[in-house]
Amino acid sequence: MAKKKKHEEHENHERWLVSYADFITLLFAFFTSMYAISTANEGKFRAMSQSLHTAFSESIFTTSGQQGGGSSFIRDMKPTMLSESDIYTNKFRKLSDALKEIQKEGRLTLLLEEQKLTIRISEGILFEPSSDEFIKDGLPVLDEIAKILKDMPNSVKIEGHTDNIPTNTERFPSNWDLSSARAVKILKHFISAHRYDPVKLSATGYGEYRPITSNDTPEGRARNRRVDILVINENNYKGE
């Protein structure tokens, strides 16, 4: 009896379609997941942004940029800055309310940024000219600031600045000495009068080397003679 011939096995040239279909399915699942994640984050971002806008609507304004006129606030905030502390909410509002009258005079400015909150105080509020002696009327300003900041966990940097007119006295032979003495004087007042934690404080003098405007006019020099009290946002601060 004759043997039956075996049918030759044909190679399947379309098996790649199965792998291709699996790959397409995986890609679809991946991009669907990515879209879902991005949508959730966007929703959280919008909710946080709206809550921040509401919290700050009563206490943050845009400065007119003119010496002695308009509001003294500068807003430069990003929606992610407030997640770890209340530095930019209740405390900022208390500061703005307590110092409202001085701000109207243009001699004190609050600057809100992602890395820090700066309380910028004109020399004329705190110190006698070319001296580190406090003006009597300036102490209540410092006391109000210290009272509000004292219970905050944030580090505080106190920076002294001058204009570019040289000083050469027996006690202050340079602007470095004068600006440093003023910063240290405020630091010591915080500790002695308010029992501020020294661990959270530091003082630096920059002399005339970090002006905020030109020294070519009396108005510009007056703005550069200042003390900056920086409340540091520890999570975002990168140093200077």
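The values are calculated or read from the model by the stated rules, or taken from the named source; none is laboratory data. Note that this is a predicted model, so its numbers are computed, not measured. Note: ideal-geometry Cβ built from the backbone for every residue, glycine included; neighbour counts use all protein chains shown.
For region 224-234, give me each residue that is over 14 Å from Ala203 (Cβ atoms) and crowded, with 23+ Cβ neighbours inside 10 Å. Scanning region 224-234 gives Arg225, Arg226, Val231.
For Ser180, are the conditions met, namely being surrounded by fewer than 18 Cβ atoms within 10 Å (Cβ to Cβ) and in contact with a strand residue (DSSP E or B) (Cβ under 9 Å, 6 or more places away or on another chain)? Judged against the criteria, Ser180 is not a match. For region 97-125, a tally of residues being in a strand (DSSP E or B), of a type in the set (A, V, I, L, M) and under 12 Å from Ile145 (Cα atoms) returns 4. Going by the conditions given, is Gly138 crowded, with 18+ Cβ neighbours inside 10 Å, modelled with pLDDT under 95, part of a helix (DSSP H, G or I) and of a type outside the set (A, V, I, L, M)? Answer is yes for this residue.
Looking across Ala146, Ala203, one residue alone is buried (at least 18 other Cβ atoms within 10 Å of the Cβ), in the same structural domain as Lys94 (by TED's automatic domain parsing) and modelled with pLDDT of 95 or more. It is Ala203.
Being in contact with a Leu (Cβ under 7 Å, 6 or more places away or on another chain), of a type in the set (A, V, I, L, M, F, W, C) and within 13 Å of Asp132 (Cα to Cα) is a property that Leu187 has.
Looking only at residues in region 87-96 that are in a helix (DSSP H, G or I) and among the hydrophobic types (A, V, I, L, M, F, W, C), the one that is modelled with the lowest pLDDT is Phe92.
If you go through region 189-211 and keep only what is among the hydrophobic types (A, V, I, L, M, F, W, C) and in a strand (DSSP E or B), you end up with Leu201, Ala203.
Only one entry of Asn164, Asn175, Asn168 meets the criterion of being loosely packed, with under 14 Cβ neighbours inside 10 Å, out of contact with any helix residue (DSSP H, G or I) (no Cβ under 6 Å at 6 or more places or on another chain) and more than 23 Å from Lys116 (Cβ to Cβ), and that entry is Asn168.
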